[in-house]
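The block underneath contains the structure these notes are about, expressed in structure tokens.
The values are calculated or read from the model by the stated rules, or taken from the named source; none is laboratory data. All figures in this text were calculated on a predicted structure; none of them were measured in a lab. A quick note on method: Cβ atoms are made from the backbone with ideal geometry, for glycine too, and the neighbour counts reach across all protein chains shown. Note: accessible area is taken over every heavy atom of the protein model, side chains too, but ligands, DNA and RNA are not part of it. Shrake-Rupley method; radii C 1.70, N 1.55, O 1.52, S 1.80 Å.
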Amino acid sequence: MHFIEQLQLFLLTGTHFLEKLVLPGGFNGWIGGFLTQFYYIPIVGALIITQLLVAVQLLTRSVLHRFNHGRNLYPLTFVPSIVSGFILCSELYPLSAITGFTIALAAAVFYTRIRNAKNRFTAGIILIPGAYYLLGGAYISLVLIMTAYELIVIKHPAIKHSMIKHPVIKQPVYGSPEVPSPYRLKTWHCLVYLLLAVCIP
């Protein structure tokens with residue numbers, strides 16, 4: 001950790017912050033650099049890394065819960081954290097690679113919690129360029145989750161395995177009802193997301 005901390009020059013000044021902010025992903029780089037300077041105290045650096053990896057696991061669990069309410073996918077929520085931990089074992093990968101991914105997951109959780117389709121589409125149009133500008137390449141994770149959510153969860157709600165009762169015979173009927181149109185985006189909305197993600201860089 002001492003070695004990695006000495007590889008960077010972090011200045012806690014407004015000028016340095018603005019120099020970072022003018023570049024796409026500069027804000028994420030600034031956050032990564034700010035946290036990396038605490039590697040000078042190894043136990044603090046270890047705590048920062050641990051908290052980030054736990055945050056990745058919890059946010060991944062929240063995202064996957066939107067795809068499947070069962071617990072059968074729970075072991076998969078640890079995969080991004082384990083991969084992130086391996087990445088941080090190399091001095092070639094800065095901490096900003098994990099902070100950007102964490103913020104992208106948080107944005108994805110926010111997006112998937114919006115129920116109204118119009119509001120969700122508006123949020124997506126704002127989140128994609130905002131994530132690219134603030135996080136850099138980590139915005140790709142956000143775009144993929146948003147698109148998958150619209151095409152899998154909203155278009156095919158039966159994967160949620162919800163149970164409804166028939167209003168007449170009052171017997172359990174397995175499978176999800178059709179999602180009302182106010183909660184669904186059109187396919188062309190997803191194409192707009194992908195086009196925006198490709199064109200912005």
Near pairs, Cβ below 6 angstrom, 6+ apart or cross-chain, from the stretch 57-86 (free of Cβ contacts under 8 Å to residues at least 12 places away in the same chain) to any residue that is open to solvent by 40 Å² or more (accessible area, probe 1.4 Å) and in a helix (DSSP H, G or I): LEU73/LEU64
Name the residue, out of LEU105, LEU64, that is more than 23 Å from PHE27 (Cβ to Cβ) and under 17 Å from the mean Cα position of the chain (by Cα). LEU64
So the helices (runs of 4 or more DSSP H) completely within the stretch 1-83 holding 1 or more residues that are more than 22 Å from LEU134 (Cβ to Cβ) and either open to solvent by less than 50 Å² (accessible area, probe 1.4 Å) or in contact with a Pro (Cβ under 7 Å, 6 or more places away or on another chain) (or both) are 2-6, 42-67
Among the residues of the stretch 91-101, is there at least one that is open to solvent by less than 80 Å² (accessible area, probe 1.4 Å), free of Cβ contacts under 8 Å to residues at least 40 places away in the same chain and not hydrophobic (A, V, I, L, M, F, W, C)? no
